[in-house]
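Below is one structure, written out as structure tokens; comments come after it.
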Amino acid sequence: MTEEETAAAIARDPEHVRHLLRQMVRVRRFEEACVELYSATKIRGFLHVYIGEEAVATGVMSVLAPDDAVVATYREHGHALLRGVSANAIMAEMYGHAEGCCRGRGGSMHLFDAATRFYGGNAIVAGGLPLAVGLALADKLSGRDRVTVCFFGEGAVAEGEFHESMNLAALWDLPVLFCCENNLYAMGTALERSESQTDIALKASGYAIAAWAVDGMDVLAVEEAARRAVDAVRAGAGPHFLELRTYRFRAHSMFDPERYREKAEVERWMERDPIELLRAALETQGRLSADEWSALQHEVEEEVQAAIAFAEAGTLEPVEELTRFVYSERTAP
Amino acid sequence: MKLTYREAMRAAMREALQRDERVFLMGEDVGRYGGGFAVSLGLLEEFGPRRIRDTPLSEAGFVGAGIGAALGGMRPIVEIMTVNFSLLALDQIVNNAATLLHMSGGQFNVPIVIRMTTGGGRQLAAQHSHSLEGWLAHIPGLRILTPATLEDARGMLWTALEDPDPVLIFEHGSLYNVAGELADDAGPVDIDRAAVRREGADVSIITYGGTLPTALGAADALATDGIDAEVLDLRTLRPLDDAAVLATVAKTHRVVVVDEGWRSGGISAEISARITESAFYDLDAPVARVCSEEVPVPYARHLEQAALPSVERVVAAAREVVGPGG
Ligand SMILES: Cc1ncc(C[n+]2csc(CCOP(=O)(O)OP(=O)(O)O)c2C)c(N)n1
Ligand SMILES: [Mg+2]
């Protein structure tokens, strides 16, 4: 968005823009805490953080209705939090505790929540795309006007499941919004070394899906694009596709020595930190005082600390329960 | 020379790349990133991008391309980051690699080697903890290798590359950091025979891959109770070395099969069935099995540990088989 457009958006509804800022800060602080807890061995397994990419999920989630569905990847703590899963339940899950949103069975990469129609967390690259197509198919067949939103990385674009899903969604005219989080890397593989055509929105257009690219560091731009797309999908205009251009500031996971990219490149992108961009814009417009900013940070910190305390106080699922949920539990007739 | 399992595997790839111009390595993040498990670290610098090929995320595509390159006269080593993602390439492995020789009436063999990490134990939850080597051992046309020692990590690859048919090598994730001594002249090893890793007289613990250390640990624990366990490392799950299995049964008359795969329909069932078919009257007790619980592997550490085979469970099974008198 241009400076004028940003100023206009802020002037229109400063309270809402501050809300978006708070949402991004929630995700950022939650994940910074996760990284510390990982180093302290409270969280184990793989941990993939979204730091730098917060504007994407924040902008998209902001326009969804409560009964829409969300499908995400293994980099999904922020998505779950923004969708309305409690920080407590997410943190407890990462601790492997019974109070976690999956009773300790899923961990960081597999967060699920039926109440918010959050269909995971999927640790198989591109594994969520066909699921999203099916969820949308169910809505279409049932005559509901719900939208399914599917997040995935640009690495997934190379997988067969991506192409098969694009085709089915377009062929059957399904109510699904595909959100490609293009952070330029799939682990250590840069986009230009994995795709012959690096214009991902163009690729989606090849399946006759309405698709365009958006500045994924600008939460207002993301929100506007998402609103347009979600409204169109809900109105029956068929699948839509957003390529959200973003960058991950941290390593791929906690095991990544980042041999494949220059520090200078990371630093360049960090100058476009989505949180800093929005905070600066609000301040320039006189819509965020120093007191408001510190109050916001303070409240977020309280939420994160409360989540840690909740997880710390959690309990282990009894080992006798190990084989539960392999099959559905039927109540006796 | 002291080195890790990971380094032994890397040395094997380096040797293969040096010895045969037709050999190349391809897979996700094998080059710039240095390999998902750092096995191929440094090979890109040494051999260049023509022979150390980073692929996009496209398991079916690049495994299929490896099969095609093998048909075209190359000797590809295809790395699938983990067995979990090989599921996206199962069509190519099962419907092409395993069948082409037979369907073509012997005209087209597929000299490909596919390497992948397998197994659980690192709190990665269900989608990243599968042990499916026993499953793939179901398929005629494939050879399934499970190196569990430094010698085998160093030596199996070259022999596999010399095999005219598809070979799958499963490297258990828990083994990569295992360090030990390897002879300076260590080189190719056979890929046909099982190996007795510990001699014993009272009970045979039959296992492979990631549970070999578990079995050896159990044997040590049993020794303190005066139970003398033999440990047989299968090394190759297809074809199985029946003679080695029957020989250890004939010696101890008691068997515990240890497998990180699930019990139902697993390789442990196959081994037990073969013993029953060929050595029923040699047995002094029913064959026992220690496998993973029948549940997708959970994230929480205590649940995961309860799901996977452990030294304690192997010891308990062995005691049971040996009986109060043993
Ligand atoms: C089918 C499959 N292959 C390989 C992997 C290993 N892996 C995990 S994340 C990842 C990179 C994915 O990149 P991208 O889709 O761009 O998402 P990002 O991590 O950048 O958010 C890879 C190769 C996997 N999880 N699933
Ligand atoms: Mg990416």
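Here are the numbers for the structure shown:
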quantity	calculated
Contacts under 6 angstrom Cβ, first residue in region A:168-195 being within 14 Å of another protein chain (Cβ to nearest Cβ) and without any contact (Cβ under 8 Å) to a residue 40 or more places away in the chain, partner open to solvent by less than 10 Å² (accessible area, probe 1.4 Å) and within 12 Å of ligand 1 (Cβ to nearest atom), 6 or more apart	A:Leu191/A:Glu154
Sole residue being modelled with pLDDT of 95 or more, away from every other protein chain (no Cβ under 14 Å) and in contact with a Lys or Arg (Cβ under 8 Å, 6 or more places away or on another chain), chosen from A:Glu299, A:Glu267, A:Glu271	A:Glu299
Members of region A:196-212 found to be part of a loop (DSSP other than H, G, I, E, B), within 16 Å of ligand 1 (Cβ to nearest atom) and more than 14 Å from chain B (Cβ to nearest Cβ), listed by number	A:Asp199
Set A:Ser108, A:Ser86: member being open to solvent by less than 30 Å² (accessible area, probe 1.4 Å), more than 16 Å from ligand 2 (Cβ to nearest atom), within 23 Å of A:Gly314 (Cβ to Cβ) and polar (S, T, N, Q)	A:Ser108
Residue satisfying condition, being of a type in the set (Val, Ile, Thr) and either assigned to a strand (DSSP E or B) or away from ligand 1 (no atom under 16 Å from the Cβ) (or both), within set A:Val85, A:Val157	A:Val85
Selected residue (criterion: nearest to ligand 1 (Cβ to nearest atom)) from residues of region B:11-23 that are open to solvent by 20 Å² or more (accessible area, probe 1.4 Å) and either without any contact (Cβ under 8 Å) to a residue 60 or more places away in the chain or more than 22 Å from the chain's Cα centre (by Cα) (or both)	B:Arg14
Which listed residue, of B:Val290, B:Val321, is touching a helix residue (DSSP H, G or I) at 6+ places or on another chain (Cβ under 8 Å), open to solvent by less than 30 Å² (accessible area, probe 1.4 Å), more than 13 Å from chain A (Cβ to nearest Cβ) and modelled with pLDDT of 95 or more	B:Val290
Filter result (part of a loop (DSSP other than H, G, I, E, B) and either open to solvent by 20 Å² or more (accessible area, probe 1.4 Å) or outside the structural domain of B:Gly173 (by TED's automatic domain parsing) (or both)) within region B:59-103	B:Gly72, B:Gly73, B:Met74, B:Thr99
Test: residue in region B:240-249 that is outside any loop (DSSP other than H, G, I, E, B), in the same structural domain as B:Asn96 (by TED's automatic domain parsing), at pLDDT 95 or above and buried (at least 18 other Cβ atoms within 10 Å of the Cβ)	no
Residues that are in contact with a strand residue (DSSP E or B) (Cβ under 8 Å, 6 or more places away or on another chain), within 16 Å of ligand 2 (Cβ to nearest atom) and either more than 14 Å from every other protein chain (Cβ to nearest Cβ) or among the charged types (D, E, K, R) (or both), drawn from region A:143-167	A:Cys150, A:Phe151, A:Glu154
Odd one out for A:Asn122 among (1) touching a strand residue (DSSP E or B) at 6+ places or on another chain (Cβ under 8 Å); (2) of a type outside the set (A, V, I, L, M, F, W, C); (3) away from ligand 1 (no atom under 12 Å from the Cβ)	(3)
Restricting region B:26-51 to residues that are within 16 Å of ligand 1 (Cβ to nearest atom) and outside any loop (DSSP other than H, G, I, E, B), the residue that is most open to solvent (accessible area, probe 1.4 Å)	B:Met26
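Each row is one residue, and each column tells you yes or no for (1) open to solvent by 40 Å² or more (accessible area, probe 1.4 Å); (2) within 16 Å of ligand 2 (Cβ to nearest atom).
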{"residue": "A:Met187", "(1), (2)": "no, yes"}
{"residue": "A:Glu192", "(1), (2)": "yes, yes"}
{"residue": "A:Leu202", "(1), (2)": "yes, no"}
{"residue": "A:Ser205", "(1), (2)": "yes, no"}
{"residue": "A:Ala221", "(1), (2)": "no, no"}
{"residue": "A:Arg248", "(1), (2)": "no, yes"}
{"residue": "A:His252", "(1), (2)": "no, yes"}
{"residue": "A:Gly286", "(1), (2)": "yes, no"}
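The values are calculated or read from the model by the stated rules, or taken from the named source; none is laboratory data. Please read these numbers as outputs of a predicted model, since none were measured by experiment. We place every Cβ from the backbone using ideal geometry, glycine too, and count neighbours over all the protein chains shown. Remember, those area values only see protein heavy atoms, side chains included, never the ligands or the DNA or RNA. Shrake-Rupley method; radii C 1.70, N 1.55, O 1.52, S 1.80 Å.
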